[in-house]
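Read-outs: derived from the displayed coordinates by stated rules, not from any lab. This structure is a prediction, so every number in the text was calculated from the model and none was measured. For neighbour counting, all protein chains shown are included, and Cβ atoms are generated from backbone atoms with ideal geometry for every residue, glycine included.
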Amino acid sequence: MCGRLRCRRVHQVQPELQKALETLRSGEAWNALARVRRYIEVVLRQRVQQSSISSERPLSAGQLLNLLARKERLPAHVAEGLRYALAVCNRAIHGLDVTLEEAEEALFHAAAALDALQENRDA
């Protein structure tokens, strides 16, 4: 399901996502996915600023993702992984049911995509 991303069940995730994973495993899926979504948005906003891309208004995480993808500042497989993670996070945040498996999968998609993004920036 992760495509080109390596979604690993047992691996080190970013500290903020580790907190989200612990929250998820304690039964608080909504809080965990809100934390994941916020972290993705922070990373994407930093990426936009580093790329000297401007916007006239504040953008949501999805809008930031689309902007970066359109400007070719994100590899396609990274954008795909983040889109999946954001879709699951948004479903939960807007009151729709999300299974524990979906929530965990979204978290690992986010972790893998953000790892790939970091590797891409460092290359």
First measure r as the distance between the Cβ atoms of residue 26 and residue 91, then evaluate 1/(1 + (r/R0)^6) with R0 = 22 Å and state the FRET efficiency to the nearest 0.05.
0.65
Projected label distance in nm at residue 63 and residue 18, using a 7 Å step from Cα toward the beta-carbon:
3.4
If the chain between residue 70 and residue 54 were fully stretched, how many nm would it gain, using 0.36 nm times the residue separation less the Cα-Cα distance?
4.4 nm
Relative contact order of the chain, please, whole-number percent, based on alpha carbon pairs below 8 angstrom and at least 6 residues apart.
35
Cα convex hull volume per residue for the chain, in Å³, equals 101
Calculated from DSSP helices alone, with each H run of at least 4 adding -39500 (n - 2.57) and the total divided by the residues of the chain, [θ]222 nm to the nearest 500 comes to -23000 deg cm²/dmol
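So if R0 is 22 Å, what FRET efficiency would residue 46 and residue 83 give, r being the distance between their Cβ atoms, rounded to the nearest 0.05?
It comes out at approximately 0.75.
So for 77, 109, 94, fewest C-beta neighbours within 10 Å to most, what's the order?
Ascending Cβ contact count within 10 Å gives the list 94, 77, 109.
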Treating only Lys and Arg (+1) and Asp and Glu (-1) as charged, each at its beta carbon, one finds that the chain has a dipole about its Cα centre, in Debye to the nearest 20, of 340
Could you pull out the trypsin sites (Lys or Arg not before Pro) across the range 47-76 that fall in loop regions by DSSP (anything but H, G, I, E, B) with no more than 14 other Cβ atoms inside 10 Å?
71
